[in-house]
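Below: one structure, written as structure tokens.
The values are calculated or read from the model by the stated rules, or taken from the named source; none is laboratory data. What you see is a predicted model, and the numbers here were worked out from it, not measured in a lab. Heads up, the Cβs are rebuilt from the backbone with ideal geometry, glycines too, and the neighbour counts pull from every protein chain shown. Ligands, DNA and RNA are excluded from the accessible area calculation, which covers all protein heavy atoms including side chains. Shrake-Rupley method; radii C 1.70, N 1.55, O 1.52, S 1.80 Å.
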Amino acid sequence: MSIPLALPDISELEISLVNEVLRSDRLSMGPMTDRFEQTLAAYVGSKYACALSSGTSALHLALLAHKIGPGDEVIVPSFTFIASANVILMVGAKVVFVEIDPQTWNVDPAAIEAAITPRTKAIMPVHVFGQPCRMDRIMAIAKKHNLVVIEDSCESLGAKFQGKQSGTFGSFGSFAFYPNKQITTGEGGILVSDDETLIGLARSYRNQGRGAASTWLEHVRLGYNYRMCEMQAAMGVGQVQRLDEIIGKRTKVANMYLERLKGYDRLITQKIDSDVTMSWFVFVVRLTDNFTQVHRDQLLAKLRAEEIGCNPYFTPVHQQRFYMEDYGWKKGMLPITERIGERSLAVPFHTKMTESMVDQVCSRLKAIVSAF
Ligand SMILES: *Cc1c(COP(=O)(O)O)cnc(C)c1O
């Protein structure tokens with residue numbers, strides 16, 4: 001039986017909401033986008049939201065709204081999806097990668113503090129695989145050094161740190177809706193914030209630099225077309241309504257994995273802090289240190305040959321070729337990140353996974369790894 005790595009969870013509700021838009025003649029910048037922004041902001045407990053074309057555009061606009069650019073440094077982990085770092089390059093600022101905690105795989109607050117220079121403007125914590133970072137410590141460091149915090153919460157919609165939603169600690173939180181995320185709009189993203197001025201700037205950048213009171217061909221700053229369309233927003237409205245149900249199903253699947261892998265000492269799973277509530281994005285296992293990247297790649301090849309979806313997760317950003325060639329990053333600069341990146345892989349994880357699918361994946365994982 002072939003098992004895909006990820007699958008969206010779309011119901012008749014989303015289909016009927018999209019149909020409603022298609023029959024309405026209003027396909028962009030309409031009531032569904034407002035409704036999506038309001039529903040999502042209410043869900044996480046933020047005052048404002050700005051729906052966008054992707055998670056990447058959300059992070060890009062968060063940096064622009066804070067006027068971060070050439071000469072500025074932004075601190076970010078390398079153990080993340082490449083977009084977290086790319087947006088820093090897009091605004092012309094310097095990417096300062098820091099190490100992660102070897103157990104939770106989230107950015108290490110002590111490493112953040114050690115990397116601060118007079119040019120540091122912002123910290124971008126990434127809530128890896130749906131587990132919030134240590135936001136108490138990160139916010140304290142930011143306050144002490146007068147730094148902006150932009151949360152890359154693109155993998156953690158619905159997760160909580162000490163009872164508070166991820167994405168609501170920094171001046172901006174960002175969420176993404178590619179089909180492998182907890183909820184999807186096909187493509188899409190959103191910024192949340194409690195700051196009216198910042199969200200107003202994001203709205204202007206999203207819409208070709210138009211001001212709140214501009215006429216159609218009046219542009220007050222350099223902007224982009226980062227808008228979300230009404231069909232996407234309609235999907236989003238339905239998906240947010242079903243978010244708790246979807247997170248519940250994903251939690252069940254994660255627990256099935258954890259139960260079956262418990263005690264199997266050649267594979268390690270992400271340590272989950274006791275004061276966080278996970279919103280599982282992917283399920284990642286990592287080989288212990290006595291194995292190498294060669295073993296991990298063999299494991300990927302063997303699983304794929306059996307049509308079990310899997311992917312390296314993450315390939316550290318500083319090891320991507322252009323970060324090494326153009327920005328001077330080298331292997332060996334972030335040993336913890338590299339050690340984990342070389343040995344980890346995501347296995348099938350979605351709401352349609354049954355007990356027997358999880359059984360199959362886990363028994364194949366164990367059989368292959370035990371034979372190494
Ligand atoms: C998904 C994701 C993003 C944004 O991705 P898009 O494909 O642009 O929507 C950003 N950061 C992280 C960590 C992500 O996982």
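Kirkwood Rh over alpha-carbon pairs of the range 291-372, then Stokes-Einstein at 4 °C and 1.567 mPa s: what D in µm² s⁻¹, rounded to an integer? Before the final figure, lay out the partial values.
Values: Rh = 14.2 Å.
Reported coefficient: 91 µm²/s.
Considering all alpha-carbon pairs of the range 1-117, what whole percent are spaced by more than 23 angstrom?
On the way: 3674 of 6786 pairs.
Tail fraction, whole percent: 54.
Work out the P(r) tail for the chain: percent of alpha carbon pairs separated by more than 30 Å, whole number. Don't jump to the answer; show the numbers that get you there.
Details: 26707 of 69006 pairs.
For the chain, the share of Cα pairs beyond 30 Å comes to 39 percent.
Restricting to Cα atoms and excluding each atom paired with itself, what does the Kirkwood estimate give for the range 222-372 in Å? Please list the in-between numbers first.
On the way: mean 1/r = 0.0562 Å⁻¹.
Hydrodynamic radius (Kirkwood, Cα pairs) of the range 222-372 is 17.8 Å.
In debye to the nearest 20, how big a dipole does the range 167-291 give about its Cα centre with +1 on each Lys and Arg Cβ and -1 on each Asp and Glu Cβ?
On the way: 15 positive and 13 negative charges, 84 e Å.
Around 400 debye, computed over the range 167-291.
How large, in percent, is the carbon and sulfur part of the accessible surface of the range 189-299 at a probe radius of 1.4 Å? Numbers along the way, then the final one.
Numbers: 2620 of 5110 Å².
Carbon with sulfur: 51 percent of the solvent-accessible area.
Solvent-accessible area per residue for the chain at a 1.4 Å probe radius, Å²?
Ligands and nucleic acids excluded, the figure is 41 Å² per residue.
Which ³J(HN,Hα) values in Hz, rounded to whole numbers, follow from the phi angles of the range 10-22 under the Karplus curve 6.51 cos²θ - 1.76 cosθ + 1.60, where θ = phi - 60° and Gly and Pro get x?
10, 10, 4, 4, 5, 4, 6, 5, 5, 4, 4, 5, 4
Let me have the 222 nm mean residue ellipticity of the chain computed from DSSP H runs of 4+ only, each contributing -39500 (n - 2.57), with the sum over all residues rounded to the nearest 500. Could you put the intermediate results ahead of the total?
Details: 13 runs with 146 residues, N = 372.
Helix contribution divided over all residues of the chain: -12000 deg cm²/dmol.
Report Rg (one decimal) and Dmax (nearest whole number) for the range 121-207, counting Cα atoms only, units Å.
Rg, Dmax (Cα atoms, Å): 13.1, 40.
Using the Cα centre as the reference, give the magnitude of the dipole from point charges on the C-beta atoms of the chain (Lys, Arg: +1; Asp, Glu: -1; all else neutral), rounded to the nearest 20 debye. All intermediate terms of the calculation are to be shown ahead of the outcome.
On the way: 40 positive and 39 negative charges, 85 e Å.
Approximately 400 debye in magnitude.
Of all the C-alpha pairs in the range 101-258, what % are more than 27 Å from each other? Write out the running numbers ahead of the final one.
Values: 4227 of 12403 pairs.
When every Cα pair of the range 101-258 is considered, 34 percent fall beyond 27 Å.
At Arg339 and Ala212, where each label point lies 7 Å from the Cα along Cα→Cβ, what is the point-to-point distance in nanometres?
5.1 nm
Restrict the search to the range 167-231; then list the trypsin sites (Lys or Arg not before Pro) that DSSP places in a loop and that have at most 15 other Cβ atoms within 10 Å of their Cβ. Present the calculation step by step, with values, prior to reporting the outcome.
Working: sites: Lys181, Arg203, Arg206, Arg210, Arg221, Arg227; in loops: Lys181, Arg210, Arg221, Arg227.
The qualifying sites are Arg221.
Please give the Cα centre distance for the range 222-252 versus the range 150-212, rounded to the nearest Å.
First find each Cα centre; the distance between them is then 11 Å.
Is the range 1-65 best put as rounded, prolate or oblate by its Cα gyration tensor, with a ≥ b ≥ c the root eigenvalues, rounded for a/c under 1.5, and otherwise prolate when a/b is larger than b/c, oblate when not? Let's see the in-between values first.
Working: a/c = 1.85, a/b = 1.16, b/c = 1.60.
The shape class here is oblate.
Please work out the ratio of the alpha-carbon Rg of the range 240-301 to 2.2 N^0.38 Å and round it to two decimals.
After normalising by residue count via 2.2 N^0.38 Å, the value is 1.36.
Of Cys310, Cys154, Cys133, which has the largest mean-square fluctuation in a 10 Å C-alpha GNM of the chain?
Cys310
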